[in-house]
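A.B. asks: Encoded as structure tokens, here's the structure I'll be asking about.
The values are calculated or read from the model by the stated rules, or taken from the named source; none is laboratory data. The structure presented is a predicted model; accordingly, all values stated were derived computationally and were not measured. Glycine gets a Cβ as well: all are built from the backbone with ideal geometry, and neighbour counts include every protein chain shown. Note: areas computed on protein heavy atoms with side chains; ligands, DNA, RNA excluded. Shrake-Rupley method; radii C 1.70, N 1.55, O 1.52, S 1.80 Å.
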Amino acid sequence: MYYFGTYEDRAKNFDWSISEKELEYKAGDVLNIGWYCSDRICKMGKGDKPALLWENQAGKEKRYTYHDVRRASNTIGAFLRGLGIKDGDRVCLFMDKVPELYIGFLGVLKIGAIAQPLFSAFGDESLFIRLNDAQTKAIITQRKHAPKVRKILDKLPALEHLIIIDHDPARPLGPREVAFSLDGAAPVETLDIFPTKAEMPSVLHYTSGTTGQPKGVKHVHYSLIGQYLTARWVLDIHDDDIYWCTADPGWVTGTSYGIIAPWALGATQVVLDSGFSAEAWYRFAEKMKVTVWYSAPTAIRSLMKAGDEIVKKFNLSSLRHLASVGEPLNPEAVIWSERVFGLPFHDTYWQTETGAIMLTNFPGMKIKPGSMGRPFPGITATVLDPKTYEPITEPGRVGLIAFQPGWPSMMRTYWNNEHTYKAKFKNGWYLSGDRARIDKDGYFWFTGRDDDIINTGGHLVSPFEVESALLEHQAVAESAVVAKPDEVNMEVVKAFVTLKPGFTPSPDLELEIMNFIRKKLSPLAMPQEIEYVDSLPKTRSGKIMRRVLHAKEWGEEIGDLSTLEND
Ligand code: WTA
């Protein structure tokens with residue numbers, strides 16, 4: 001461990017200019033994340049250093065040095081420019097964890113366009129909502145995902161290009177389709193990088209809302225200042241590290257800490273493009289000699305479930321630092337990892353909206369298993385009284401997690417939705433939508449979300465989105481979607497449905513509805529259980545009370561039912 005100083009030492013006189021200085025950035029300069037993550041590292045003389053070591057399920061390997069990443073991102077950038085993509089245009093990256101996703105992300109940023117990564121398991125409906133909202137101009141995808149785009153092309157007049165990175169030449173290209181192969185394209189040695197300034201948009205990440213459709217979280221190039229320093233201090237990434245972030249860049253962890261931060265630091269990162277299996281993960285960590293590992297509680301719980309014996313089959317002595325994000329990390333998981341790896345997982349808390357780590361356990365800081373740790377230096381965090389929105393001063397009382405706005409990587413707005421953005425602030429605080437208590441030592445303890453959003457295995461699913469999709473099924477009259485407890489994923493989606501006349505409840509119908517959602521939205525959003533009911537609990541004004549069904553699932557007190565219509 002390279003830890004220097006205590007938490008107090010680092011927090012004292014903290015200023016984000018520490019990060020600016022290390023990145024040799026001055027206010028008003030050009031700041032382009034794509035350049036920082038490739039060209040700058042080459043300029044520093046590290047062009048021959050491995051930037052990306054990639055492997056897929058079939059054991060196929062690819063390696064890219066920083067020079068390779070620089071050239072390949074130039075190549076993609078030049079290709080996009082050739083199609084007429086300009087600064088400010090939205091370009092969606094809709095791929096599995098293939099190298100083109102990581103490198104293409106930089107290519108999009110280098111020409112000043114806005115990268116819009118979307119999870120490749122999304123179905124056509126999830127995709128349509130997000131591409132339509134962003135008025136996306138081009139989408140880069142693999143041929144196996146292209147049919148989902150083709151299905152909605154007619155409804156998306158703004159989407160001018162469907163770029164397929166592994167097109168089968170035997171098949172003719174359809175309307176608006178274009179083939180691009182990174183291996184086949186002539187490498188572009190130099191590219192005129194668009195001179196983006198700090199406040200220009202960089203990334204648009206869609207995240208689930210409680211009531212409306214998903215919201216596009218707009219980030220700017222200046223976010224790098226926060227992502228860089230948090231990765232250096234919290235994830236403790238150093239020059240000689242082999243870093244593994246297991247998150248998919250369809251989600252914010254996979255971009256902030258799975259592309260931007262590690263490459264801006266000039267580290268070597270490794271990517272395993274395959275589904276989860278404890279054996280495959282350990283084998284990969286051993287083979288790549290991973291030193292720093294950033295993962296999520298659901299994965300850690302799955303590893304725990306696979307047992308201690310399997311760990312002994314591998315040599316994981318390269319591991320030096322472990323961190324986690326996305327959902328509550330149970331104390332047992334921290335204790336377990338200390339036992340089997342000799343290292344605790346350091347919990348970190350943040351959100352798509354915050355762009356970078358906000359609450360954290362530094363290496364070297366005393367870990368209290370089960371706590372999310374303390375605010376990153378420069379971050380003013382508190383819990384607010386839910387009625388007055390005033391900070392709670394006595395330790396141990398639960399309130400709403402809130403941050404003082406103004407940190408570098410904070411979202412700048414929700415795309416086309418300034419109204420909802422503004423509603424995130426009360427009394428000058430940014431409201432996270434989560435609840436916690438702070439103990440007498442200033443450690444934050446997560447107690448739950450303050451809304452109905454379901455966090456399944458670290459992925460946020462909007463009940464509203466699932467309910468809307470359910471209504472499109474011919475048999476469903478009404479539905480209410482809530483979280484149901486799950487041993488590994490903490491929460492999974494459960495749907496209560498009433499059927500239209502003429503349909504009768506059956507296990508077959510349940511399966512059919514589940515698959516309907518899986519295809520339309522994603523496997524994450526697919527209800528793991530459908531319960532047929534005669535009616536749903538509603539308020540007098542007819543609003544479905546998810547809270548009642550949620551409480552039932554979790555064996556909790558239902559609370560005030562006085563507004564229930566059919567009670
Ligand atoms: C939850 C992921 C408990 C929380 C980076 C937050 C956590 C949401 C933790 C953001 C943690 C994240 N402990 N809960 N350490 N980290 N969460 O936007 O509810 O996909 O608001 O960003 O995940 O999820 P998002």
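A.B. asks: Just checking, which of ALA146, ALA158 is surrounded by 16 or more Cβ atoms within 10 Å (Cβ to Cβ) and among the small types (Gly, Ala, Ser)? Before you say what the answer is, go through the steps one by one.
C.D. replies: Working: ALA158 fails: surrounded by 16 or more Cβ atoms within 10 Å (Cβ to Cβ).
Within the list ALA146, ALA158, the selection yields ALA146.
A.B. asks: So is ALA78 among the small types (Gly, Ala, Ser), open to solvent by less than 10 Å² (accessible area, probe 1.4 Å) and assigned by TED's automatic domain parsing to the domain that holds GLU279 or not?
C.D. replies: Values: among the small types (Gly, Ala, Ser): yes; open to solvent by less than 10 Å² (accessible area, probe 1.4 Å): no; assigned by TED's automatic domain parsing to the domain that holds GLU279: yes.
Judged against the criteria, ALA78 is not a match.
A.B. asks: For the stretch 335-353, give me each residue that is β-branched (Val, Ile, Thr) and buried (at least 24 other Cβ atoms within 10 Å of the Cβ).
C.D. replies: Just the residues of the stretch 335-353 that are β-branched (Val, Ile, Thr), to begin with: 335, 340, 348, 352.
Listed by number, the list holds a single entry, THR348.
A.B. asks: Sticking with this one: Collect the residues in the stretch 246-257 that are more than 11 Å from the ligand (Cβ to nearest atom) and crowded, with 24+ Cβ neighbours inside 10 Å, keeping them in residue-number order.
C.D. replies: Within the stretch 246-257, just PRO249 meets the criteria.
A.B. asks: Right, another one. Exactly one of these conditions fails for ILE438: (1) open to solvent by less than 60 Å² (accessible area, probe 1.4 Å); (2) within 24 Å of ALA296 (Cβ to Cβ); (3) within 15 Å of the ligand (Cβ to nearest atom); (4) within 24 Å of the chain's Cα centre (by Cα). Give me its number.
C.D. replies: All conditions are met except number (4).
Residues are listed down the side, and each one gets a yes or a no for (1) more than 14 Å from the ligand (Cβ to nearest atom); (2) touching a Pro at 6+ places or on another chain (Cβ under 8 Å):
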{"site": "ASN455", "(1), (2)": "no, no"}
{"site": "HIS459", "(1), (2)": "no, no"}
{"site": "PHE464", "(1), (2)": "yes, no"}
{"site": "SER468", "(1), (2)": "yes, no"}
{"site": "VAL482", "(1), (2)": "yes, yes"}
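A.B. asks: Could I ask something else about it? Can you tell me which of (1) within 15 Å of the ligand (Cβ to nearest atom); (2) surrounded by 15 or more Cβ atoms within 10 Å (Cβ to Cβ); (3) part of a helix (DSSP H, G or I) is the one GLU332 doesn't meet?
C.D. replies: (2) is the only condition that GLU332 fails.
A.B. asks: Ok, one more. Would you tally the residues in the stretch 314-329 being more than 15 Å from the ligand (Cβ to nearest atom) and in a strand (DSSP E or B)?
C.D. replies: Residues that pass the stated criteria total 1.
A.B. asks: Can you name the condition, by its number, that LYS494 falls short on among (1) among the basic types (Lys, Arg); (2) more than 16 Å from the ligand (Cβ to nearest atom); (3) more than 19 Å from HIS550 (Cβ to Cβ)?
C.D. replies: If we test LYS494 against (1) among the basic types (Lys, Arg); (2) more than 16 Å from the ligand (Cβ to nearest atom); (3) more than 19 Å from HIS550 (Cβ to Cβ), just (3) comes out false.
A.B. asks: Determine, yes or no, whether ASP450 is without any contact (Cβ under 8 Å) to a residue 24 or more places away in the chain, open to solvent by 50 Å² or more (accessible area, probe 1.4 Å) and of a type in the set (D, E, K, R). Working first, answer last.
C.D. replies: On the way: without any contact (Cβ under 8 Å) to a residue 24 or more places away in the chain: no; open to solvent by 50 Å² or more (accessible area, probe 1.4 Å): yes; of a type in the set (D, E, K, R): yes.
For ASP450, the condition - without any contact (Cβ under 8 Å) to a residue 24 or more places away in the chain, open to solvent by 50 Å² or more (accessible area, probe 1.4 Å) and of a type in the set (D, E, K, R) - is not met.
A.B. asks: A further question on this structure: Do we find that ASP96 is open to solvent by 30 Å² or more (accessible area, probe 1.4 Å) and assigned to a loop (DSSP other than H, G, I, E, B) in this structure? Let's see the steps before the verdict.
C.D. replies: Numbers: open to solvent by 30 Å² or more (accessible area, probe 1.4 Å): no; assigned to a loop (DSSP other than H, G, I, E, B): yes.
Considered against the rule, which asks whether it is open to solvent by 30 Å² or more (accessible area, probe 1.4 Å) and assigned to a loop (DSSP other than H, G, I, E, B), ASP96 comes out as no.
A.B. asks: Scan VAL398, VAL383 and give me the residue that is open to solvent by less than 20 Å² (accessible area, probe 1.4 Å), within 16 Å of the ligand (Cβ to nearest atom), among the β-branched types (Val, Ile, Thr) and modelled with pLDDT of 95 or more. Full working, then the answer.
C.D. replies: Values: VAL398 fails: open to solvent by less than 20 Å² (accessible area, probe 1.4 Å).
After applying the criteria, what remains is VAL383.
A.B. asks: Residues in the stretch 261-270: is at least one assigned to a helix (DSSP H, G or I), open to solvent by 20 Å² or more (accessible area, probe 1.4 Å) and either β-branched (Val, Ile, Thr) or modelled with pLDDT of 95 or more (or both)?
C.D. replies: Keep residues of the stretch 261-270 that are assigned to a helix (DSSP H, G or I), which gives 261-264.
Filter again for open to solvent by 20 Å² or more (accessible area, probe 1.4 Å), leaving none.
Scanning the stretch 261-270, I find no residue that is assigned to a helix (DSSP H, G or I), open to solvent by 20 Å² or more (accessible area, probe 1.4 Å) and either β-branched (Val, Ile, Thr) or modelled with pLDDT of 95 or more (or both), so the answer is no.
A.B. asks: What residue, of VAL234, VAL203, is assigned by TED's automatic domain parsing to the domain that holds SER19, more than 23 Å from ASN361 (Cα to Cα), crowded, with 23+ Cβ neighbours inside 10 Å and among the aliphatic types (A, V, I, L, M)?
C.D. replies: On the way: VAL234 fails: more than 23 Å from ASN361 (Cα to Cα).
None of the others qualify; the one that does is VAL203.
A.B. asks: Being more than 24 Å from the chain's Cα centre (by Cα) and more than 16 Å from the ligand (Cβ to nearest atom) narrows it down to one residue among LYS422, LYS500; which is it? It would help to see each step written out before you state the result.
C.D. replies: Working: LYS422 fails: more than 24 Å from the chain's Cα centre (by Cα).
Only one candidate passes the filter, namely LYS500.
A.B. asks: Next question, about the same structure. Taking the stretch 362-388, which residues are free of Cβ contacts under 8 Å to residues at least 60 places away in the same chain and closer than 18 Å to ALA333 by Cβ?
C.D. replies: Of everything in the stretch 362-388, those that are free of Cβ contacts under 8 Å to residues at least 60 places away in the same chain and closer than 18 Å to ALA333 by Cβ turn out to be LYS366, ILE367, PRO369.
A.B. asks: Then there's this: Take the residues of the stretch 338-373 that are more than 8 Å from the ligand (Cβ to nearest atom) and of a type in the set (Phe, Trp, Tyr): which is nearest to ASN417 (Cα to Cα)?
C.D. replies: Per the stated criteria, the residue is PHE362.
A.B. asks: OK, next. Would you mention how many residues in the stretch 42-83 are in a loop (DSSP other than H, G, I, E, B), farther than 20 Å from PHE284 by Cβ and out of contact with any Ser or Thr (no Cβ under 9 Å at 6 or more places or on another chain)?
C.D. replies: 1
A.B. asks: Now a separate question. Looking at GLY433, GLY396 in this structure, which one is outside the structural domain of ALA480 (by TED's automatic domain parsing) and part of a loop (DSSP other than H, G, I, E, B)?
C.D. replies: Working: GLY433 fails: part of a loop (DSSP other than H, G, I, E, B).
Of GLY433, GLY396, the one residue that is outside the structural domain of ALA480 (by TED's automatic domain parsing) and part of a loop (DSSP other than H, G, I, E, B) is GLY396.
A.B. asks: If the Cβ limit is 6 Å and pairs must be 6+ apart or interchain, which residue in the stretch 178-197 that is under 13 Å from ILE103 (Cβ atoms) pairs with which residue that is open to solvent by less than 40 Å² (accessible area, probe 1.4 Å) and part of a strand (DSSP E or B)?
C.D. replies: Hits for this filter: PHE180/ILE163.
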